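Below is one structure; the comments refer to it alone.
The values are calculated or read from the model by the stated rules, or taken from the named source; none is laboratory data. A quick note: this is a predicted structure, and the numbers were derived from the prediction, not measured. Virtual Cβ from ideal backbone geometry, glycine too; neighbours counted across all protein chains shown. Each accessible area value is taken on the protein alone, full model and side chains, heavy atoms only, with ligands, DNA and RNA left out. Shrake-Rupley method; radii C 1.70, N 1.55, O 1.52, S 1.80 Å.
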Amino acid sequence: MNLLLYPHGGSGNHGCEAIVRSTIQLFSQYKTILFSIRPEQDYKVGLGKICLIEKESSPIRKISFSYLKAFLCYYVLHDKDAFEKIHFKPIISSITKDNLLLSIGGDNYCYGIPSYIYLINKICKRKQCKTILWGCSIEPESIKEDMLDDLKSYTHIFARESITYQALYEKGIRQVSLIPDPAFTLSCKNLPLPQEFTEFNTVGINLSPLIMNNEKINGITLKNYIALIRYILEHTDMQIALIPHVVWEQNDDRKPLASLYQEFKDTGRVVFIADHNAEELKGFIARCRFLVAARTHASIAGYSTQVPTLVIGYSVKARGIARDLFGNEEHYVLPVQSLQKEDELVKKFQWLQVHEKEIRQHYQAFMPQYIGKLNELKTKLNELL
């Protein structure tokens with residue numbers, strides 16, 4: 001049996017890369033095929049060494065028998081998926097009863113209607129192929145009729161936090177388990193540290209265009225980050241490392257982080273970490289004293305290496321993961337939509353400083369058991385198959 005991973009936007013999002021790497025390790029008994037939108041990014045970070053990478057789609061050639069067939073199916077037989085079936089032929093042709101399909105990505109059900117996933121799931125159901133929704137977060141209010149029908153078609157769903165798990169259960173879905181995000185098991189690779197990065201006395205800072213697009217007051221997120229860095233430089237002896245985690249052209253953490261670097265580069269206490277693969281980025285985060293993160297998988301790198309972490313969140317995934325780790329998200333997540341004043345991030349960070357010791361003690365007691373839940377997967381998978 002082969003393991004087919006889809007949909008994958010490319011490893012320019014190192015959270016997507018982290019999911020792929022950790023999933024392959026957890027399901028090591030299977031040969032893995034990764035269907036990717038951007039295979040070149042996956043080869044760049046070395047995923048080609050651990051799995052077979054395939055392009056998930058192919059161009060539609062209008063002068064072809066396939067196009068003519070799709071045209072007739074769409075306009076005569078009213079098959080609304082006719083053209084998508086051509087476009088996604090590479091993965092569709094691999095769907096057989098002998099393969100297990102894992103729908104990865106974590107939050108693919110959080111950004112509108114995932115019609116491509118609906119199509120793949122319909123074909124899997126018709127071919128009696130086993131399907132798993134893997135490490136997901138879903139906004140409870142977005143689970144409407146069509147989405148609910150699609151979710152019910154999965155052989156099993158692994159929710160990565162309890163808000164999603166509870167929402168699915170309340171909607172009548174019983175083939176669901178609560179298991180941490182697989183990236184909690186991602187390995188660390190420690191590269192040499194820059195001179196400005198003092199091991200275990202540096203604050204990791206991650207900022208993304210995505211959260212800035214969700215702010216209610218224009219510019220308030222960047223102002224909060226500037227105020228935080230200024231506070232750290234003026235009131236502590238800690239260094240600051242600006243750490244990007246997504247470098248897609250249309251959604252690149254390096255752009256807002258570059259603004260912060262320009263503001264503070266002359267202090268000699270701020271370093272800009274270049275792009276690296278997910279394991280190497282986790283290695284930098286693991287050697288921070290604190291982490292302030294906008295990206296979910298940057299925060300997971302912090303949590304899993306027991307770094308006191310504050311998340312600037314915008315969705316259910318940040319709240320749900322923090323709630324499961326700490327019992328509540330009040331002091332560990334600052335919703336970007338709630339930002340009204342320029343000092344709110346500073347105040348949250350100050351709470352983290354005051355409670356640093358007890359957070360670390362909580363990690364030591366809680367994290368082995370929490371991550372250990374992922375070891376149950378092989379038993380659960382054997383039951384399903």
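The residue among Tyr109, Gln25, Met1 whose Cα reaches farthest toward the positive pole of the charge dipole of the chain, with charges on the beta-carbon of Lys, Arg, Asp and Glu, is Met1. The residues neighbouring Asp343, those whose beta-carbon lies less than 11 Å from its own, together hold a net charge of +3 under the Lys/Arg +1, Asp/Glu -1 convention. The angle between the Cα long axis of helix 220-235 and the main principal axis of the chain comes to about 40°, on a 0 to 90 degree scale. Normalised by residue number, the volume inside the convex hull of the Cα atoms of the chain is 148 Å³ per residue.
Within region 120-242, how many Lys pairs sit with Cα atoms under 15 Å apart, leaving out pairs fewer than 8 places apart on the same chain?
7
When the charge dipole of the chain is built from unit charges on Cβ atoms (+1 for Lys and Arg, -1 for Asp and Glu) and taken about the Cα centre, the candidate among Thr164, Gly313, Asn190 whose Cα reaches farthest toward its positive end is Thr164. Find the percent of Cα-Cα distances in region 231-302 that exceed 18 Å, and round it to a whole number. That fraction is 39 percent. Rolling a 1.4 Å probe over the protein heavy atoms leaves His235 with an accessible area of roughly 130 Å².
Computed from Cα positions, the angle between helix 254-264 and the longest principal axis of the chain comes to roughly 10 degrees. Can you pull out the cysteines in the chain that have no other Cys Cβ under 4.7 Å? Lacking a cysteine Cβ partner under 4.7 Å: Cys16, Cys51, Cys73, Cys110, Cys136, Cys188, Cys288.
Each residue of region 176-218 gets 185 Å³ once the volume of the Cα convex hull is shared out per residue. Please determine, in degrees from 0 to 90 and to the nearest 10, the orientation of helix 356-372 with respect to the longest principal axis defined by the Cα atoms of the chain, where the helix direction is its Cα long axis. Taking the Cα atoms of the chain, the angle to 356-372 is about 20 degrees.
Along each principal axis, taking the top coordinate minus the bottom one, the Cα set of region 280-385 gives 52, 28, 28 Å in descending order. Whole Å is fine, so just give me how far the alpha carbon centre of region 181-198 lies from that of region 133-157. Answer, in whole Å: 33.
Rounded to the nearest 20 debye, the dipole size of region 80-215 about its Cα centre is 960 debye, using +1 on the Cβ of Lys and Arg and -1 on the Cβ of Asp and Glu.
Taking 15 Å as the straight-line reach from the Cα of Lys255, the aspartates and glutamates in range (excluding those fewer than 8 positions away in the same chain) are Glu263, Asp275. Rounded to the nearest angstrom and listed largest first, the equivalent-ellipsoid semi-axes of region 233-272 from its Cα gyration tensor are 23, 10, 7. When all protein chains stay in place and ligands, DNA and RNA are ignored, the 1.4 Å accessible-area order of Cys73, Cys136, largest first, is Cys73, Cys136.
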